[in-house]
Amino acid sequence: MNNSLISIIIPCFNRSNLIIETLDSIKNQTYVKWECIIVDDGSTDDTEDVVKNYLKDDKRFSFIKRPDNSVKGANTCRNIGFELSKGAFINWFDSDDTMLPNFLESKLSVFTDKTNFVICSCNLVDEKLQFIERFELDENPVNLYVDFYLWKLKIITGSVLFKKTFLKDKKLFLDHIKRGQETEFFTRLFYKTTSKEEYKIINKPLFLYRQHNDSKTHQNTRYVKEFLSSQLYICIENLKRAKELKNKELESRILKSIFFYYC
């Protein structure tokens with residue numbers, strides 16, 4: 001496994017001001033057997049020119065444009081990257097976050113034959129990468145799905161390194177989801193993860209999760225109409241799961257969220 005190719009998949013849109021730090025952090029990884037597939041979602045700035053400078057110097061990077069006839073959005077780009085990937089492992093990553101040097105090596109090193117994915121912690125930082133908060137993770141949660149949905153486990157897109165074989169027969173990111181992409185995707189996967197042998201959690205920050213004015217998390221502090229249907233869809237699907245689990249705490253939290261979005 002320590003010789004396996006890791007595919008890093010990055011959707012991007014108008015990120016010329018931030019993606020340099022992201023790509024530099026990938027070049028500085030202690031684990032060097034990786035490919036980085038950058039899928040552009042129709043940028044109108046000079047993102048393409050910035051990225052192509054990396055392609056000249058390092059053939060491990062590749063740049064793809066989302067086809068015009070496909071649905072716009074990061075989810076489509078993530079799925080396109082997966083289809084093009086050649087690695088035995090997959091790590092989706094965001095174009096405004098940065099990896100610490102041992103990001104790939106640390107996660108890959110704890111895989112076993114029974115492990116399907118490894119989750120790491122991160123540090124929340126501001127636009128200038130200044131520390132705000134550490135996302136602490138329980139390495140032995142009672143229920144991965146429930147703890148994630150209740151945000152007892154703060155897991156975001158870049159947190160998880162997957163075995164590609166685990167993802168092969170699964171529906172990946174839904175292109176109609178405009179907000180909470182990782183919540184929708186991870187809750188579907190985690191709900192079906194019943195054995196603790198299937199995953200490992202590293203409670204160590206291995207990347208920097210950046211907050212800034214253009215981030216989806218920041219946008220969600222304001223009312224954005226296109227996010228509403230996505231949030232409601234996620235709530236309803238997870239309400240069904242909560243009822244199957246007969247988990248009253250989860251049901252109550254979801255019902256409160258639905259009430260909030262409707263009212």
Accessible surface ranking that places the most exposed of L5, L174 first, with a 1.4 angstrom probe: L5, L174
Restraint check, K152/K248; K164/K196; K33/K196; K52/K171; K114/K154; K154/K178, Cα-Cα greater than 26 Å: K33/K196; K52/K171
Per residue value of the accessible surface for the chain (all protein chains in place, 1.4 Å probe), Å²: 48 Å²
Segment K246-F260, length gained on full extension (0.36 nm per residue, minus Cα span): 2.8 nm
Distance between segment 20-41 and segment 143-180 - C-alpha centres, whole angstrom: 21 Å
Pairs of Cα atoms farther than 16 Å apart, segment 69-128, %: 60 percent
Computed FRET value (nearest 0.05) for D49 with L129, which takes r as the C-beta separation and R₀ as 22 Å: 0.40
Along principal axes, Cα extents of segment 13-119, largest first, whole Å: 42, 27, 21
Carbon + sulfur, % of accessible area of the chain - ligands and nucleic acids excluded, 1.4 Å: 51 percent
Segment N17-T112, extension gain: residue separation times 0.36 nm, minus the distance between their alpha carbons: 30.4 nm
Protection proxy ranking, peptides 117-129, 49-61, average beta carbon neighbours within 10 Å, highest first: 117-129, 49-61
Relative contact order, percent, the chain [alpha-carbon distance under 8 Å, six or more residues apart]: 21 percent
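The values are calculated or read from the model by the stated rules, or taken from the named source; none is laboratory data. In this text the structure is predicted, and so the values were computed from the model without any measurement. Here Cβ is always computed from backbone atoms with ideal geometry, including for glycine, and neighbour counts include all displayed protein chains. All accessible areas refer to the heavy atoms of the entire protein, side chains included, with ligands and DNA or RNA removed. Shrake-Rupley method; radii C 1.70, N 1.55, O 1.52, S 1.80 Å.
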